[in-house]
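What follows is one structure encoded as structure tokens, with my remarks underneath.
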Amino acid sequence: MKRARSVRRLVALLGAASIGAISTIVPAQIRPADPASKFTYEGGVANTRHNLTQRPIGGGAELMNPVRNDYGEVCVYCHTPHQASSALPLPLWNRTTRATTYTLPAARDAGASQPGTASLACLSCHDGTVAIDSIINMPGSGRIDRAQERGQNDAFLSRAWRNPVGADADAHAALDRTGCLSCHSPGSGRNAQDFTRALIGTDLRDDHPVGAPLPASRLGEFVRPDRSGDRLVFYDRNANGRPDPNEVRYYDAGAGAAVECASCHDPHGVPDGARGSRFVPKFLRVTANGGALCLTCHVK
Ligand code: HEC
Ligand code: HEC
Ligand code: HEC
Ligand code: HEC
Ligand code: HEC
């Protein structure tokens, strides 16, 4: 079993008592040792590993300088206020999106398709094919390359940016074995946190289905979402009519409501209690403990 999102591992999270329609049960795997994160995981995305400047960790952040541009801002690795990508219809999207065909689990129902936008956004880092710092529009004026929308141009990435702190990057590493994982994996000898499970790759057969619409023939197996919003339907826990970060949702790009990565995860972090509290681990919207996340959607 390769990864955290492995369907069998996810099933294990449900706990044996609640298994019905979802039948494969294996014990949860012991996680490899992972030196604690230096981020606090509270307050905002800047205090999480999704801050790709890494600055909150202190001096260690400079270890990353040779392999990624330090744009000095958190949001810019994903968003830009102007000149956003036309390749991915997401809020002010700034990242390179390669044309990639993903290998999906064998469809149980007709209509399974490629991942939708609320998954492609994540896969633009987590499939390991695009550099972490591969963006269209860098901070400051005149540092823009529209070709970056669909392909990674290392010459642009190196030429257009000077790191404000420390050395400039001469390589633009992806979350893959020769890139970030060359230090961030066991046995690298670098004592860097283990990121192996964050490399999802392009083969999604071992993961929870994404891009898959709610199967019309098996609707009874799923809890019916009680609200709809702008291109999504969601479970309105606090009945305020809005899709809040701690509410699980399905995205609908026109072909029906589908599970995507952002159905379960919010890449900005979601407080696990009152505002200001620590985030639910792994950027989840709802804790996976006791099957709470799974049972939001699955009847059992
Ligand atoms: C040359 C080895 C090396 C490479 C390559 C490398 N890192 Fe690191 N990274 C480290 C080390 C060592 C630490 C721990 C530093 C510390 O704790 O102060 C670290 C820490 C981090 C952290 C903080 C982890 C935490 O939770 O505290 C993040 C995030 C990170 N790296 C991301 C990346 C990304 C993204 C890449 C690829 C673009 C990358 N690193 C490439 C060595 C490396
Ligand atoms: C690691 C990537 C990443 C970073 C960093 C990031 N975002 Fe996002 N953001 C996303 C994705 C992906 C979406 C789309 C999520 C969806 O469709 O539900 C999004 C959506 C949004 C939205 C639309 C509302 C929502 O939550 O769906 C706002 C507003 C936003 N981001 C603001 C910010 C700001 C401000 C920052 C910096 C402080 C930031 N983001 C940093 C990935 C990121
Ligand atoms: C700009 C690149 C980038 C984008 C876009 C991105 N991530 Fe990440 N993500 C990272 C890096 C780098 C890490 C650190 C690796 C790790 O924690 O194992 C990470 C870590 C994570 C983690 C583990 C966090 C932890 O505390 O261990 C989760 C879960 C995650 N990302 C989910 C997502 C999802 C879901 C999306 C889309 C909504 C997304 N990411 C978009 C780069 C990205
Ligand atoms: C049905 C809900 C669900 C969907 C959909 C989902 N995930 Fe997750 N993901 C989880 C849960 C639950 C965990 C925590 C598993 C654990 O800790 O063992 C997780 C863990 C992760 C991790 C952290 C691995 C680690 O331990 O460091 C990453 C990265 C991640 N997911 C990215 C993604 C991406 C990218 C997608 C879309 C391709 C996605 N997830 C789709 C539920 C989901
Ligand atoms: C956002 C709603 C949602 C959440 C949350 C969710 N699932 Fe699913 N899950 C679905 C949908 C919809 C399908 C059907 C996709 C298909 O068959 O094409 C599915 C399919 C599956 C399958 C494949 C077998 C089947 O019934 O098609 C497994 C196994 C599974 N989910 C387990 C889990 C586990 C374990 C969790 C909790 C970590 C979880 N799911 C969380 C909506 C969800």
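Side notes on the structure shown:
- Residue satisfying condition, being touching a Pro at 6+ places or on another chain (Cβ under 8 Å), over 26 Å from Gly44 (Cβ atoms) and in contact (Cβ under 8 Å) with a residue 40 or more places away in the chain, within set Val223, Val233, Val259: Val259
- You will find that of Arg177, Arg143, the residue that is of a type outside the set (A, V, I, L, M, F, W, C) and within 19 Å of the chain's Cα centre (by Cα) is Arg177 and no other.
- Complete set of residues in region 242-300 that are more than 13 Å from ligand 3 (Cβ to nearest atom), in a helix (DSSP H, G or I) and either of a type in the set (Val, Ile, Thr) or on the phi < 0 side of the Ramachandran plot (or both): Asn289, Ala292, Cys294, Leu295, Thr296, Cys297
- Criterion violated by Ala198 - all others in (1) crowded, with 17+ Cβ neighbours inside 10 Å; (2) more than 16 Å from ligand 1 (Cβ to nearest atom); (3) of a type in the set (Gly, Ala, Ser) satisfied: (2)
- Residue pairs whose Cβ atoms lie under 6 Å apart, sitting 6 or more positions apart in sequence or on different chains, and linking a residue in region 79-97 that is touching a residue at least 40 places away in the same chain (Cβ under 8 Å) and open to solvent by less than 60 Å² (accessible area, probe 1.4 Å) to a partner that is among the small types (Gly, Ala, Ser) and away from ligand 4 (no atom under 16 Å from the Cβ), are Thr96/Ser134; Thr97/Ala87.
- Residues that are closer than 22 Å to Gly273 by Cβ and touching a Gly at 6+ places or on another chain (Cβ under 8 Å) were ranked within region 207-244; the one that is most open to solvent (accessible area, probe 1.4 Å) is Arg242.
The values are calculated or read from the model by the stated rules, or taken from the named source; none is laboratory data. Treat the numbers as computed from the prediction; the structure is a model and nothing was measured. As a convention, Cβ positions derive from the backbone with ideal geometry for all residues, glycine included, and neighbour counts pool all protein chains shown. Remember, those area values only see protein heavy atoms, side chains included, never the ligands or the DNA or RNA. Shrake-Rupley method; radii C 1.70, N 1.55, O 1.52, S 1.80 Å.
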